Amino acid sequence: MRCTKALIFKENLKHNILAVKKLLKPDTKICCAVKADGYGCGAVLAARTAQECGADYLAVATADEAAELRKNGITAHILLLSLCTKQEFPKLIENNVTPLIFDSEMIQAYNKAAAQKKTQEKQPVFLAIDTGMGRIGCLPDEAAAVAQEISECSNIALSGVITHFAVADSITKENRLYTEEQFDRFMKAVHSIEAAGINPGIRTCANSAAAVSLPQMQLDMVRPGIVIYGYYPDAVTEKYLAENGINLSLKPVMQLETEVAAIRRFTPGRSVSYGRTWTSSTETDVAVLPIGYADGLLRRNSPGLLVTINGRPYPVIGRICMDQCMVDIGLNNPDVKRWDKAVIFGPKESGAVMDASDIAEMTGTISYEIMTAVSKRVPRIIQ
């Protein structure tokens, strides 16, 4: 097996899901996001673990992701969070997946496709309402009319209403106010549907940030994503939550690691990698690691990335290549030998100097991107 691999800590995943569930009201359902291959950790593992922990729904982004879960015996309700295309309709219906719809053209097209279903039961759909994300959904004042059109269909049934928050992971006064405004718009839309004599079904708006920090917005179901994989959503940190009386301790689920493939002596003036962006100022030794941007270790991670070898941090130097990168380990370092394990990121308790959130902060992105960037050629090893 290749030495570059991602260790997946199932017990950490389980811990995180149960920790989030402890923050929910007794009658609030949980929909665990397992899209993007379970945020890089493996969709089937994430789905099975979520089911074991009592998840009511699972969330995916494509019909193929849903089909993979069904093929592997996942029986929980599956919610498709991204818009589906007409080509995906048959697979959604075959696998009993709940899509989001919000306009007449999609309603009529999906209702027609659902007529081909094998059972007499209507296919469930969620009505998406755009309260300020600007991505998908009908406007709040259109919600009742759209819900009415769904209710008049013979092959589909409204089973829920959904919106998505744009800045729930921000704690600035302005953005907190915006989230509250989104919530108010959503509730007004829900009330308009009810006033039309239609049952809106499951009401869900809370993503990771709102689920753990804004309990009044949990409603009927929350949709945690990044928190179940061990990372706090941007500014909604462990410290922020604790300051607001909320106890949530998360454990990172993924550890990306490799090994020292070679150690090379560099004299002063020698450069390394493409572009010659690093040149040795003194005599030193450089370790070569068989991991690069094709594995998900992106070029922008250098300079700045610190790799952990035997408990000590060492800087990645020069540009990260497609399949390799280089690390300055210092001259005649007795603590680093060929074939030693090198940890790129992972749980701090496992000895890693950096986790995905550290790398994200260093490069101006989010932990979601760091984890989902780990490519398919990196084997996942369940611990």
- Message: Going by what's in this entry, would residue 299 be described as more than 24 Å from the chain's Cα centre (by Cα), basic (Lys, Arg) and on the phi < 0 side of the Ramachandran plot?
- Response: no
- Message: Every residue in the range 217-270 that is in contact (Cβ under 8 Å) with a residue 24 or more places away in the chain and in a helix (DSSP H, G or I), please.
- Response: 217, 226, 227, 228, 229, 240, 241
- If you scan the range 78-89, which residues turn out to be surrounded by fewer than 19 Cβ atoms within 10 Å (Cβ to Cβ) and not in a helix (DSSP H, G or I)? 82, 83, 85
- Search result, residues across the range 126-170 that are aliphatic (A, V, I, L, M), in a loop (DSSP other than H, G, I, E, B) and crowded, with 24+ Cβ neighbours inside 10 Å: 168
- Query: Of all residues in the range 281-296 being without any contact (Cβ under 8 Å) to a residue 40 or more places away in the chain and under 20 Å from residue 265 (Cα atoms), which is nearest to the chain's Cα centre (by Cα)?
  - Reply: 288
- Query: List pairs: first in the range 95-117 and assigned to a helix (DSSP H, G or I), second aromatic (Phe, Trp, Tyr), Cβ under 6 Å, 6+ apart or cross-chain?
  - Reply: 113/89
- Residue satisfying all of: in the range 51-63; in contact with a helix residue (DSSP H, G or I) (Cβ under 9 Å, 6 or more places away or on another chain) and part of a loop (DSSP other than H, G, I, E, B); nearest to residue 367 (Cα to Cα) among these: 61
- Looking only at the range 171-199, which residues are more than 16 Å from residue 233 (Cβ to Cβ) and either outside the structural domain of residue 209 (by TED's automatic domain parsing) or surrounded by 16 or more Cβ atoms within 10 Å (Cβ to Cβ) (or both)? 183, 185, 186, 187, 189, 190, 192, 193, 198
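Quick one: which strands (runs of 3 or more DSSP E) sit completely within the range 275-383 and have at least 3 residues that are basic (Lys, Arg) and farther than 21 Å from residue 41 by Cβ?
It comes to none.
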- Determine which member of the set 85, 98 is out of contact with any helix residue (DSSP H, G or I) (no Cβ under 6 Å at 6 or more places or on another chain), within 30 Å of residue 140 (Cβ to Cβ) and modelled with pLDDT of 95 or more. 98
- Task: Please go through the range 347-383 and pick out each residue that is under 16 Å from the mean Cα position of the chain (by Cα) and among the small types (Gly, Ala, Ser).
- Result: 356, 357, 360, 367, 373, 375
- Run residue 318 past the list (1) within 15 Å of residue 7 (Cα to Cα); (2) of a type outside the set (A, V, I, L, M, F, W, C); (3) surrounded by 21 or more Cβ atoms within 10 Å (Cβ to Cβ) and report the number of the one that doesn't hold. (1)
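One residue is enough: does the range 341-355 have a residue meeting the conditions of a type outside the set (A, V, I, L, M, F, W, C) and more than 19 Å from residue 250 (Cα to Cα)?
Within the range 341-355, one or more residues are of a type outside the set (A, V, I, L, M, F, W, C) and more than 19 Å from residue 250 (Cα to Cα).
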- If you take the residues in the range 7-50 that are over 13 Å from the mean Cα position of the chain (by Cα) and assigned to a loop (DSSP other than H, G, I, E, B), which one is surrounded by the fewest Cβ atoms within 10 Å (Cβ to Cβ)? 26
- Going through the range 276-291 in order, the residues found to be within 19 Å of residue 3 (Cα to Cα) and surrounded by fewer than 20 Cβ atoms within 10 Å (Cβ to Cβ) are 288, 290
- If residue 21 passes every condition in (1) of a type in the set (D, E, K, R); (2) under 26 Å from residue 345 (Cβ atoms); (3) in the same structural domain as residue 230 (by TED's automatic domain parsing) but one, which one does it miss? (2)
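The values are calculated or read from the model by the stated rules, or taken from the named source; none is laboratory data. Model, not experiment: these values are computed from the prediction. Methodologically, a virtual Cβ is constructed for each residue, glycine included, from the backbone with ideal geometry; neighbour enumeration extends over all protein chains shown.
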